[in-house]
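The values are calculated or read from the model by the stated rules, or taken from the named source; none is laboratory data. Here the structure is a predicted model, which means the values were calculated and not measured. Backbone-built Cβ (ideal geometry, glycine too); neighbour counts: all protein chains shown. Accessible surface areas use protein heavy atoms only, side chains included; no ligands, DNA or RNA. Shrake-Rupley method; radii C 1.70, N 1.55, O 1.52, S 1.80 Å.
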Amino acid sequence: MHEYSIVSSLLDLCEENAKKENAKKITKVEVKIGKLSGVEPDLLQVAFDTFKEKTICDGAEFVMNIQDVVIYCNVCKKEFTLKQNEFTCPKCKSFDINTIDGEDMYLMRLEMV
Amino acid sequence: MCADCGCSITEDVGGHTHHHEHIHDNPQLNDKKTIDVITKILDKNDHEAGHNRAHFDKHDVLCLNLMSSPGSGKTTLLEYLSDIADFKFGVIEGDLETNKDADRLKSKGIQAHQIQTGSACHLDAFMVHKALHHMDLDKVDVCFVENVGNLVCPASYDVGAHLNIVLVSIPEGEDKIAKYPVMFRQADLILFTKTDLLPYFKYDMKEEKKSARRLKPNVDILEVNINDIDSIKRVAQWIRFKKEMR
Ligand SMILES: Nc1nc2c(ncn2[C@@H]2O[C@H](COP(=O)(O)OP(=O)(O)OP(=O)(O)O)[C@@H](O)[C@H]2O)c(=O)[nH]1
Ligand SMILES: [Mg+2]
Ligand SMILES: [Zn+2]
Ligand SMILES: [Zn+2]
Ligand SMILES: [Zn+2]
Ligand SMILES: [Zn+2]
């Protein structure tokens, strides 16, 4: 259960950005959670709701966009969304691919006043 | 963040740039405003991990992060390696509680430092940084980080290692690789441990290896059994090779 430590990193990031923008309050937090980021979205939601109280994010809406795994095939020169956890090009079966999304967690957008 | 530690670990950052941004005097906001941030949530950890790696590089030490479920044989492997390895190594130990694993290694003459994470189910780059204050890297060629026994959380945290070794033992049963894809995606080497127990378990080794390579086609795989010293020697050879290739 590392969702709590992830939320604590997230809240720090929110705090920093709010300070930079001179905002009093954050009203919406938008994150992108990769399907293979190792984070359980439900647990993340619970952790966020628990920890946001008394922080700059108190009362903020939490929007999670779940990101599929996307690879780039260096043979086909094309992007593909992986439907299963099989890291070869779905079209030409090459191993010569780069994973470009779906394995990380990002803070994308903040709405503040 | 980098300056507040003040130790030499933070000086050499080779390869990454710091953006020490100035806080501009923005006017107080009156209306709602939306800003695009697009920052990795674990950005600070990743940055610190970069420092740790730079520190290992400076001392010409290969750092390996050992991950697995509790009891898959991480500490046992390190004990056996100490008898046969032709390189010197130290170990940073992560456990929720107790110094038992570090003590086991110290009693074999291995330099070891224990981190007790308390409630954290994984090590992060900051914990490893702190532990590095207690390690004399000039005395070793390789530094292992034995992560907290857990197939989930450690996979999300870069600790500053160069390579990840993930262990999976036969008694844990089949399908562990398919069930924990995030962890096995991180593996540079997968060790199937306790293979002496294969006769007692239903375990299709071939299928498990296939499943590993579906997730990571180029992953290295070895089988380990502490009653077969040659299998430990192959692990040592892999490490030796990776050390020489850096
Ligand atoms: N039969 C058999 N038992 C093994 C082998 N390797 C390790 N064990 C046993 O597995 C048990 C757990 O081993 P540890 O090395 O403590 O496991 P660990 O991964 O360090 O455990 P944590 O640090 O608690 O996560 C011990 O009783 C070992 O003796 C093996 O190759 N064969
Ligand atoms: Mg151990
Ligand atoms: Zn956890
Ligand atoms: Zn292709
Ligand atoms: Zn830095
Ligand atoms: Zn330090």
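Selection of the stretch B:41-81 for residues being more than 14 Å from every other protein chain (Cβ to nearest Cβ), farther than 19 Å from B:Glu93 by Cβ, open to solvent by 10 Å² or more (accessible area, probe 1.4 Å) and part of a helix (DSSP H, G or I) yields B:Gly50, B:Arg53, B:Ala54, B:Asp57, B:Lys58. Note on the stretch B:116-132: among residues that are of a type outside the set (A, V, I, L, M) and in a helix (DSSP H, G or I), the one that is most open to solvent (accessible area, probe 1.4 Å) is B:Lys130. Please verify whether B:Gly94 is away from chain A (no Cβ under 14 Å) and either more than 16 Å from ligand 4 (Cβ to nearest atom) or assigned to a strand (DSSP E or B) (or both), treating the condition exactly as stated. Criteria not met by B:Gly94. Scanning the stretch A:1-26 for residues that are part of a strand (DSSP E or B) and at the interface with chain B (Cβ under 7 Å from one of its Cβ atoms) gives no hits.
In summary, B:Lys74 fulfils each of the numbered conditions (1) within 29 Å of B:Gln237 (Cβ to Cβ); (2) of a type outside the set (Ser, Thr, Tyr); (3) more than 14 Å from the chain's Cα centre (by Cα) with the single exception of condition (3). Elements of the type helices (runs of 4 or more DSSP H) sitting completely within the stretch B:133-228 and holding at least 3 residues that are buried (at least 18 other Cβ atoms within 10 Å of the Cβ) and within 14 Å of chain A (Cβ to nearest Cβ): these cover B:181-185, B:205-215.
Of the set (1) within 16 Å of ligand 5 (Cβ to nearest atom); (2) touching a residue at least 60 places away in the same chain (Cβ under 8 Å), all apply to B:Met67 but (1). Would you mind stating whether A:Thr55 is over 15 Å from the mean Cα position of the chain (by Cα), away from ligand 3 (no atom under 16 Å from the Cβ) and β-branched (Val, Ile, Thr)? It is true that A:Thr55 is over 15 Å from the mean Cα position of the chain (by Cα), away from ligand 3 (no atom under 16 Å from the Cβ) and β-branched (Val, Ile, Thr).
Exactly one residue out of A:Tyr72, A:Tyr106 is of a type outside the set (A, V, I, L, M) and at the interface with chain B (Cβ under 10 Å from one of its Cβ atoms), and it is A:Tyr106.
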